[in-house]
Structures are given as C-alpha cells and as structure tokens.
Amino acid sequence: MGSNPQESLTLTLENPMKPAYLSLATALLLAPALPALAEGQLNIFNFGLYTPPDLITKFEKAYDVKVTLTEYDSNETAMAKIEAGGHGFDIVVPSASVVPIYIEKGLLMQSEPAQMENFKNVDPAWVDVSWDSGRHYTVPWVWGTTGVMVNTNVYKGDINTSAIFLDPPEELKGKINVVPSMTDVIDMAIRYVGGEPCTSDKAVLKAARDKLMAAKPSWASIDYASFEKFINEDLNASVFWSGAANRIREQNPHFAYGYPKEGYSLWQDNVAILADAANVENAKLFLNFIMDPENAALISNYTRYGNAILGSDAFMDPALPNAPEMVVPEELKAAGYFQQTCPADVQEIYTRIWTDLTK
Amino acid sequence: MGEAPNTERDAQNADARQRWRLALPAVTIIMVFSILPLIVVVLYSVLTPGDYGNVRWVFSTEGWFSVLFERDIFDDTLSLSDAHLTILARSVGLSLLTTALTLIFGVPTAWFIATRPPAARAFWLFLVTIPFWTNLLVRTIAVQEMIRSEGVFNRLFLWLGLIDQPIQMMFTNFAVLLGMAYVFLPLMVLPVFAAVEKFDFRLAEAGYDLYASRLFCLRKVILPLVRPGIIAGSILVFVPSLGAYVTPRIMGGGKSMMLGNLIEMQFGQGRNWPLGAALSITLTLLVLIALIYYTRLTSGRQGRSHG
C-alpha cells in the first residue's frame, strides 16, 4: 500500500541492482515475523487536513515505523467504514459525541492510556470527561468550539450572538454562510430559542425550525466554504469552527470569532486504538507520542486548535496560545455546551428539519 | 415453412446450449456486480434504521413510506412530503433543462465538427474530449471561477458598464444548471456527431433539388435521420444529471439539494439508511422510465422507416 512512486522509479532505473532490491523485499517480508515491538507499520484513520505531516515524519523517524494516513470527512463515514470491517486501520479519531457509541459497539480497544508514560502531561480538566471518564480508551487530540465568524469591517455590532445568522443584521444579509453540520446548526438554533440540544420538546423544535427557515433567505450558502471566499470578502459571516476562523483571521484581520452567548458547542476529538488493530504496539507508541508537549504543539500549530497537553504552549507559534479563538472569554464560558449525539427519535426530527431547510 | 428435419433442430439446440455456456462468464459478472448489489439496496430499504447509522434486521416499510409521505413532526398529521417532492421536482426539472441546454449547444457543435474535412474532424473531436481528462470536481470549480462575484463574467460586465455591481450568480439554480450543462456537454456532442457523420449529404442535396427550403430540409430530411443520435445524447445527459451530486453541491451552495445530495444525507448525518436506499431505488426507477421511453422512441422510429 501507498508505495512511493519515486521509489519504484529508482528501482526500475537501477534494474541491475535487482539482488539488493530482492534482499530488501525479503527483509520487509520477514519484519513482521520478528519480535520487534516498534518496527513496522501504523495505519491512521483521521479527518481530512487534520494530521500534521511533520508529526508523522517525526514519529516515523523516532520509532522506525511506516505510517499510512487515510482521511475521512465525517464521524458517520468513519464509523460506517470501521463497522463494515476489513479496513486495516489501527487508529481512529472520533469526536467526543460519538466516542460512547464506538465504545458501546465494541469498536475501540481498552488501551488504558492513563497508564502510559506521558499521560502525566494531560490537563486534569480533560481526564474525567463524560465520554471516557478516566481515559481508558482515548487520548485527547484537539478541542475547539463552533461559533460565528464575522467581518467586523462590515458589521460593527456585538458578534457574540447567534443572531448573526438567525436574525441577521442588514449589513450581513446575503453574505452569510452556514456550515452543513446539521447537529451544530440545529443545536445552536435550539439554544437561541431557549431550549437544550437533543430536546424532545416539540414546541422548542418547532420554534427552532421556524427560526432557521425564516433566516435561510438571508444566507448565501450552506457549505464548507473555501477560506478564499472569506479572505476575498465574498462572504462576510459564517457559522464556523474556531481553528478555521483563526486561519482566516491571519489572512484577513477584519474577521473576528464570536462565542454566541445563547450557546455554542464545545467539542473534542479523541485518538483511540481500534479493537481489531493489527499494529497495537505501534498504536500505543503513537498515543504516548502525542501526549508529549512538543508533539502536541505540532498538532495545534497545524490545526489551530487547542490541545489538552500541559506545557505545550511553550512549543506553539507564539501568537497561538493567547489567540481569541483559543481563549474563551470568562463571561461566555457558561454558554458553552458539549456536543452530544441525540437519541434516534430526536435525530429523525433533526434530519427532517435539515431536509426542510435545504430542500 | 416446411418442417425442419430432426437433425437440424438438434443442431439448433446444441447451438443454443453452446451460446449459453459462452455467455456464462458475462452473466455471472452481471449477477455478482450488478444484480446482487441492487438486491442488497432493495433489502436495506425495507429494514429499520439503526440508532447510529446502519440497519436493524427488522422489517419496515417506513423507509418507502417516507419517500413520498411525511407525518408532521409536530402534530402527526399525514401529508405528502413537501421537501422530498420539491427536491424530486427540482432534480427532474433541472435535468430536463440541462438536456435542453446541451441540445441547443451540442447539436450545432456536432454538426460543425461532422461537416469539417476528415482530418480536421479528428482535431475538433480531440478538443471536445479534452475535458474528460480532467477531474469532474476541477471542471466544476473552474465554472465557479467564471461566475463568482469576483469572477470573469462579473468583472467583464462591470468593465463594459453593463452592470454597476456584481450579479449574484453562484449558489442559484442557474449556477447548478450552467455547471451541469457544461460538464455533460461532451456526452451530447459525441453521439450526435456520430449520427451526423453517417448522414449522406446527397439526401440534403436531393431535397434542395426538389425546392425544399433550408428549414424544411432540416426538419424533414436531416433531423429524422440524425434523431437516434440526438435521443442517445439526451439520455446520456439526462440520466447522470438526475443523479448528479458534486455539481449541485458546489454550484448550489448546499441551499437547494438534488436527489443525489438527499440520498447522501440519509447515509451520513441523517443516519437513516433505509430511506436512503429507498430513495436510491426511486432514482433508479426514474432512470428506468427514461430508458423505456427511449427504447420506445427509437424502435418506433425504425419500424416506420422500414415500413
């Protein structure tokens, strides 16, 4: 798998060297038979544009392991593939909201990261989390928030509100994007009308739907809009992820990230070893590896999200640890809620609302 | 007909058996890779959705029911599913319009190419096929580059003074239509070209000799003879348009779904695989209807021209 085209090219060019090539192949074939713990392979399954290449290179060099990275676009896609079996992945990075489902379905290995050497670096605030209390299965990857991003050159008012996209100010109408992340958007609308995410209260759900339907004509798109659209100011506001907002602000300083006071979601993605992983020892090495502050900083620098590893700030880009997208203002902390996976009957209503919204 | 001797009938039977044996590999491949997956889809469409995606092995017609009907989320009244019907109508409507647009642009193009000298034809055909070398996604984004607010068209119109502020073209039905027509245009040009190329231009000359006007000649001589190509091209464009996914998603900005997007949603965020499967089969049935209509059209035509 994933053979480097350059490698095969040199091999064909150096055809007379065939014996050397053969012995290399023999060595590779024999490798898994040896009792070596570290050498070999590791197959990582992660969200797209989420794994820093320098982190992978560093890990490969440190442990002499060949890492293969495969990317997915959503938790649902990832779970469907893993459940189907025969995937060959060792490591997956599920969001906090779906970790309990992974565990319930028996898809994750109880790898006991809490026993690992570098676990001492994990911020205690992120240890006894609701989805994996005591961290028996997962290690924090990054955390972030889903809020709103606004071009403050166009709109001067308060940006810490979901009104940006639910009761849009005149200046922003027609230039608003909403990410097609069904649960995030409907959760925010429910909080805006005074309910709790995953509520089964039909009056609240109806109010949220009506709010969304009324706001839709003011939106330009429901899309994973490319960063250029904001940088060029084709779009001036969006429901967005904090890390993405940070990347955009670096290229267009007019943009600012707001934490809606009515409610915004907090999330964390978590690294776990799959129950049917073939390279368990390497996977454990990787889990331990990313709990090292220097390595965790690599992840934050690349993704622009906070990690949960103490001491990693020192190794981050200087601007990052204090970036407004990373530091939740004290007075807005209480408005954050942890994203969860709704029960099936509520989920069905969510889907129906979303279908109505995007029909 | 006189009675065929027994030996001849035996030989015919043996021949038929031989043919079946020879066809077996093909039949097996069709069964395993075409019919079997379809059976899986049909099966999934009558199961119950699992809580977190996938299915539970409990029979249910809910998936099929939800294709066309819905119980109101809030007061449980039964009605036709407005959202699904809107999406269905949009899919069929935009696909028909796409077909019409590719006809308008594709037929003259094909005619132009087919009437060049043979050496030049190869060159023009080569130009038509170039887009096929490029990924669909890249081509769609290229169209987006043309029509976005800061895009080529808006800047040209602004420069010409035709408009004083950019027209919002992206994220509209027009954008979806333009994207699909562009992407599927070669599928119209090629079959029409094949039909026009076979056309015997002496027939048109004969028409002129009999004092037919250009328009009359086009209507009564040329069009009937290149019709199979036009119909084949229309089907080739209409069918993939119905199931288009990437183009509506990028050009439409996610605000107005087509069937392909609705199906994807059921398997993804919606976690309702049976409904997704039922919608997929609905789409297949729509295509089937279009194809039946196509065979009717072409076979009817041949019957008449032979008669």
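The values are calculated or read from the model by the stated rules, or taken from the named source; none is laboratory data. Please read all numbers here as calculations on a predicted model, not as lab measurements. Cβ placement follows ideal geometry from the backbone for every residue including glycine, while neighbour counts extend to all protein chains displayed. The area values use the complete protein model at the heavy-atom level, side chains included, leaving out ligands, DNA and RNA. Shrake-Rupley method; radii C 1.70, N 1.55, O 1.52, S 1.80 Å.
Does at least one position in region A:320-332 carry a residue that is part of a strand (DSSP E or B) and away from every other protein chain (no Cβ under 14 Å)? No, region A:320-332 contains no residue that is part of a strand (DSSP E or B) and away from every other protein chain (no Cβ under 14 Å). The combined condition, being free of Cβ contacts under 8 Å to residues at least 40 places away in the same chain and either basic (Lys, Arg) or farther than 30 Å from residue B:125 by Cβ (or both), is not fulfilled by residue B:200.
The set of residues from region A:48-88 being hydrophobic (A, V, I, L, M, F, W, C), over 17 Å from residue A:283 (Cα atoms) and crowded, with 17+ Cβ neighbours inside 10 Å comprises A:78, A:79, A:80.
Of everything in region A:333-359 that's touching a Gly at 6+ places or on another chain (Cβ under 7 Å) and more than 9 Å from every other protein chain (Cβ to nearest Cβ), which residue is farthest from residue B:52 (Cα to Cα)?
Step one: list which residues in region A:333-359 are touching a Gly at 6+ places or on another chain (Cβ under 7 Å), which gives A:335, A:337, A:351, A:358.
Adding the requirement that they be more than 9 Å from every other protein chain (Cβ to nearest Cβ) leaves A:335, A:337.
Working: A:335: 27, A:337: 21 Å.
Going through the qualifying residues, I end up with A:335.
Assess whether residue A:217 counts as being surrounded by fewer than 21 Cβ atoms within 10 Å (Cβ to Cβ) and either at pLDDT 95 or above or within 16 Å of residue A:51 (Cβ to Cβ) (or both). Taking the combined requirement at face value, the residue does not satisfy it.
Might you check whether a residue that is at negative phi and within 14 Å of another protein chain (Cβ to nearest Cβ) occurs anywhere in region B:152-163?
Taking region B:152-163 and keeping what is at negative phi, we get B:152-160, B:162-163.
Filter once more, keeping what is within 14 Å of another protein chain (Cβ to nearest Cβ): B:154-155.
Scanning region B:152-163, I find at least one residue that is at negative phi and within 14 Å of another protein chain (Cβ to nearest Cβ), so the answer is yes.
Looking only at residues of region A:258-282 that are of a type in the set (Phe, Trp, Tyr) and assigned to a strand (DSSP E or B), we find that the one that is least open to solvent (accessible area, probe 1.4 Å) is A:264.
One residue is enough: does region B:252-262 have a residue meeting the conditions open to solvent by 30 Å² or more (accessible area, probe 1.4 Å), within 14 Å of chain A (Cβ to nearest Cβ) and either at negative phi or part of a helix (DSSP H, G or I) (or both)?
We begin by selecting, within region B:252-262, every residue open to solvent by 30 Å² or more (accessible area, probe 1.4 Å); these are B:255.
Adding the requirement that they be within 14 Å of chain A (Cβ to nearest Cβ) leaves B:255.
Now restrict to residues that are either at negative phi or part of a helix (DSSP H, G or I) (or both): B:255.
There is at least one residue in region B:252-262 that is open to solvent by 30 Å² or more (accessible area, probe 1.4 Å), within 14 Å of chain A (Cβ to nearest Cβ) and either at negative phi or part of a helix (DSSP H, G or I) (or both).
Yes/no matrix, rows are residues, columns are (1) within 10 Å of another protein chain (Cβ to nearest Cβ); (2) within 13 Å of residue B:277 (Cα to Cα):
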residue: B:42; (1), (2): no, yes
residue: B:46; (1), (2): no, yes
residue: B:57; (1), (2): no, no
residue: B:66; (1), (2): yes, yes
residue: B:69; (1), (2): no, no
residue: B:73; (1), (2): yes, no
residue: B:80; (1), (2): no, no
residue: B:85; (1), (2): yes, no
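Which ones in region A:129-142 are in contact with a Leu (Cβ under 7 Å, 6 or more places away or on another chain) and open to solvent by 20 Å² or more (accessible area, probe 1.4 Å)? Within region A:129-142, just A:137 meets the criteria. Of the residues making up region A:264-287, none is out of contact with any helix residue (DSSP H, G or I) (no Cβ under 7 Å at 6 or more places or on another chain), of a type in the set (Asp, Glu) and more than 30 Å from residue A:81 (Cβ to Cβ).
Does region B:269-288 contain at least one residue that is closer than 30 Å to residue B:63 by Cα, without any contact (Cβ under 8 Å) to a residue 12 or more places away in the chain and open to solvent by less than 40 Å² (accessible area, probe 1.4 Å)? Explain how you work it out, then say what you get.
Just the residues of region B:269-288 that are closer than 30 Å to residue B:63 by Cα, to begin with: B:269-288.
The next check asks that each one be without any contact (Cβ under 8 Å) to a residue 12 or more places away in the chain; those that pass are B:269-270, B:285, B:288.
With the extra rule that they be open to solvent by less than 40 Å² (accessible area, probe 1.4 Å), the set shrinks to B:270.
For region B:269-288, residues closer than 30 Å to residue B:63 by Cα, without any contact (Cβ under 8 Å) to a residue 12 or more places away in the chain and open to solvent by less than 40 Å² (accessible area, probe 1.4 Å): present.
Taken across region A:30-40, residues that are at pLDDT below 95, buried (at least 17 other Cβ atoms within 10 Å of the Cβ) and not in a helix (DSSP H, G or I) do occur, with at least one present. The residues listed here are B:139, B:116, B:56, B:121; of these, the one that is charged (D, E, K, R), part of a loop (DSSP other than H, G, I, E, B) and either more than 24 Å from residue A:358 (Cβ to Cβ) or open to solvent by less than 80 Å² (accessible area, probe 1.4 Å) (or both) is B:116.
Criterion first (assigned by TED's automatic domain parsing to the domain that holds residue B:280, touching a Leu at 6+ places or on another chain (Cβ under 6 Å) and under 22 Å from residue A:179 (Cα atoms)) does residue B:177 satisfy it? Let's see the steps before the verdict.
Numbers: assigned by TED's automatic domain parsing to the domain that holds residue B:280: yes; touching a Leu at 6+ places or on another chain (Cβ under 6 Å): yes; under 22 Å from residue A:179 (Cα atoms): no.
Here the answer is no, as residue B:177 does not meet what is asked.
Against the test of being part of a loop (DSSP other than H, G, I, E, B) and either among the aromatic types (Phe, Trp, Tyr) or modelled with pLDDT of 85 or more (or both), the options A:88, A:2 yield a single qualifying residue, A:88.
All conditions but one from (1) farther than 28 Å from residue A:199 by Cβ; (2) small (Gly, Ala, Ser); (3) at pLDDT below 85 apply to residue B:16; the one that does not is (3).
Do we find that residue B:189 is assigned to a helix (DSSP H, G or I), open to solvent by less than 50 Å² (accessible area, probe 1.4 Å) and under 24 Å from residue B:124 (Cβ atoms) in this structure?
Details: assigned to a helix (DSSP H, G or I): yes; open to solvent by less than 50 Å² (accessible area, probe 1.4 Å): yes; under 24 Å from residue B:124 (Cβ atoms): yes.
The answer is yes for residue B:189.
Filtered by the rule that a residue be surrounded by fewer than 17 Cβ atoms within 10 Å (Cβ to Cβ) and out of contact with any helix residue (DSSP H, G or I) (no Cβ under 6 Å at 6 or more places or on another chain), region B:63-84 gives B:65, B:68, B:69, B:71, B:72, B:75, B:76, B:77, B:78, B:79, B:80, B:82. Within region A:100-119, the residues that satisfy the criterion of being within 14 Å of another protein chain (Cβ to nearest Cβ), on the phi < 0 side of the Ramachandran plot and open to solvent by 40 Å² or more (accessible area, probe 1.4 Å) are A:100, A:103, A:104, A:105. All conditions in (1) outside any helix (DSSP H, G or I); (2) at the interface with another protein chain (Cβ under 9 Å from one of its Cβ atoms); (3) not aromatic (Phe, Trp, Tyr) hold for residue A:80, with the sole exception of (1). Looking only at region A:315-323, decide whether some residue is of a type in the set (A, V, I, L, M, F, W, C) and either open to solvent by less than 10 Å² (accessible area, probe 1.4 Å) or in contact (Cβ under 8 Å) with a residue 24 or more places away in the chain (or both). Looking for residues that are of a type in the set (A, V, I, L, M, F, W, C) and either open to solvent by less than 10 Å² (accessible area, probe 1.4 Å) or in contact (Cβ under 8 Å) with a residue 24 or more places away in the chain (or both), one finds at least one in region A:315-323, hence yes.
The number of residues in region A:220-257 that are crowded, with 18+ Cβ neighbours inside 10 Å, of a type outside the set (D, E, K, R) and farther than 15 Å from residue A:154 by Cα comes to 13. Among the residues making up region A:249-284, a single one is in contact with a Lys or Arg (Cβ under 7 Å, 6 or more places away or on another chain) and of a type in the set (Asp, Glu): A:262. Look at residue B:235 and say whether it is away from chain A (no Cβ under 14 Å), touching a residue at least 40 places away in the same chain (Cβ under 8 Å) and part of a helix (DSSP H, G or I). So residue B:235 fits the description; yes.
Yes or no: residue A:351 under 30 Å from residue B:273 (Cβ atoms), assigned to a loop (DSSP other than H, G, I, E, B) and touching a residue at least 24 places away in the same chain (Cβ under 8 Å)?
Here the answer is no, as residue A:351 does not meet what is asked.
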